[in-house]
Amino acid sequence: MNWWVYCIGFFAACAVAVLIMPYIKKLAFKIGAVAIPNHRTVHTKPMPQMGGLAIFIAFAVTYLIVALSIGEYDLDVMIGMLAGGGIIVLVGVIDDRKNISPKLKLLGQIVAASMIPANGLYVDYIQLPFGDAINVYPWIGIAITVLWIVGVTNAVNLIDGLDGLAAGVSAIATLTIMVLAFMTGNTPVALLSAILLGSIIGFLFFNFHPASIFMGDTGALFLGFSLATLSILGFKSAVAISFLVPILVLGVPLSDTFLAIIRRKLNNKPISVADKGHLHHCLVEMGFSTRKAVLIIYGVAAIFGSCAMLLSQTKQWGTITLVVIVLLIMEIGAEAVGIISKSRKPVLQLLQRWLSDSPSRSRASK
């Protein structure tokens, strides 16, 4: 597949998203898909949401035109992505309009995620950092696939708290998947990623601070669904890449979700109860502006993406070393911003004691 196909896909999707955005704004106001300020939000006036509909339309239209024009596509992938994406977008639109119950939203996510294995696309083995790949039974692979898609979908939804945050982080993750797809020769996933990336960038023109429209659950759910699906399509057949790579690619939303679960457990709160303890909330509370907080998280997402690409090229002890370093940096960063607890900071306190004791040990040795 020639490089110009990816360029056309990217720029066409970006253009479609930009061109239809004004109509999506009008539609959002017309049907009442509007975000009203509350104690958990940072915006101060009603804002149209459902901007994710433009991302989906741009992606679907461009992908269909480009794929059918060049005649290089996998029908199962096309049906799975568009059918599942259409269902998840419908769930998002309804939620942006009426705020449906969490159980009903979860049901919609499961139905959408099921469209992927229903078309024969599911995890059929797990590649560990060491040793050979482990084959799994189809029913186990289907369960893992659905759980992965639903989990990532909700993780992306949780970080959608500042202008341009979820879209930018998703764009970086999509770019990482595209680069990895090129590295492994997976051209279908590279094309899908290029088109999705263009759709997100087109939306970011309207969503980066100060935003004129939010993606809403329509966009957050679709991006989570798409990223999870692309990660499965990109790494299910690449035996040289460990199962840790897609986790690192989606490091920001997954780690933020994991830390939120720990935080709520430590505070004896239900996991499903929303709070203002996410990474972006902590950065704003520390005094960073919305724009700076978002750019900092972009940097963290880029680091995760770089680690994923590095991990795909390392084996054995290099993998262990990289994972340990990433986990240590994550823990120090989480304690520094207080994302888990404002008072419990064991690693930082240990480092402070070690640093304060170092001069004493040095003087004693003299």
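The values are calculated or read from the model by the stated rules, or taken from the named source; none is laboratory data. Treat the numbers as computed from the prediction; the structure is a model and nothing was measured. All Cβ positions, even for glycine, are placed from backbone atoms using ideal geometry, and neighbour counts span all protein chains on display. Accessible surface areas use protein heavy atoms only, side chains included; no ligands, DNA or RNA. Shrake-Rupley method; radii C 1.70, N 1.55, O 1.52, S 1.80 Å.
What distance in nm lies between label points placed 7 Å from Cα along the C-beta direction at Y137 and S101? Between Y137 and S101, the label points sit 3.2 nm apart. Label separation (M183 vs A118): 3.4 nm, computed from points 7 Å beyond Cα along the C-beta direction. The residues of the chain expose, per residue, 47 Å² of accessible area to a 1.4 Å probe.
Think of it as helices only: each DSSP H run of n ≥ 4 in the chain is worth -39500 (n - 2.57), and spread over all residues that comes to -24500 deg cm²/dmol at 222 nm. Calculated FRET efficiency, K265 to Q352, Cβ-Cβ distance, R0 = 22 Å: about 0.30 to the nearest 0.05. On the basis of the beta-carbon distance and an R0 of 25 Å, R291 and I332 show a calculated FRET efficiency of 0.55.
Considering only protein heavy atoms and a probe of 1.4 Å, how much of the accessible area of the stretch 98-201 is carbon and sulfur, as a whole percent?
It is 69 percent, rounded to a whole number.
Membrane-span-like helices in the chain: DSSP H runs reaching 20 Å or more (Cα, own axis), mean Kyte hydropathy at least 1.0? Numbers along the way, then the final one.
Working: long enough: 3-31 (41 Å, 1.53); 52-70 (27 Å, 2.49); 75-98 (34 Å, 1.29); 102-118 (24 Å, 0.95); 138-158 (30 Å, 1.59); 165-184 (29 Å, 2.05); 187-207 (30 Å, 1.93); 216-235 (29 Å, 1.37); 251-266 (22 Å, 0.58); 290-311 (31 Å, 1.62); 317-337 (30 Å, 1.98); 346-365 (28 Å, -0.55).
Qualifying helices, which must be both long enough and hydrophobic enough, are 3-31, 52-70, 75-98, 138-158, 165-184, 187-207, 216-235, 290-311, 317-337.
Could you give the length gained by full extension between R344 and Y23, i.e. 0.36 nm per residue of separation minus their alpha carbon distance, to one decimal place? Write down the numbers at each step before the final one.
Values: separation 321, 0.36 × 321 = 115.56 nm, distance 4.82 nm.
This chain segment gains 110.7 nm when fully extended.
Near the amide H of V34, within less than 5 Å, lie the amide hydrogens of Q49, all on another chain or at least 5 residues away, with H placed in the peptide plane.
So which of K269/K345; K105/K269; K30/K98; K25/K45; K45/K98; K45/K265 end up more than 24 Å apart, counting from Cα to Cα? Show your work: numbers first, answer last.
Values: K269/K345 20 Å; K105/K269 21 Å; K30/K98 13 Å; K25/K45 15 Å; K45/K98 19 Å; K45/K265 33 Å.
Distance filter (> 24 Å) returns K45/K265.
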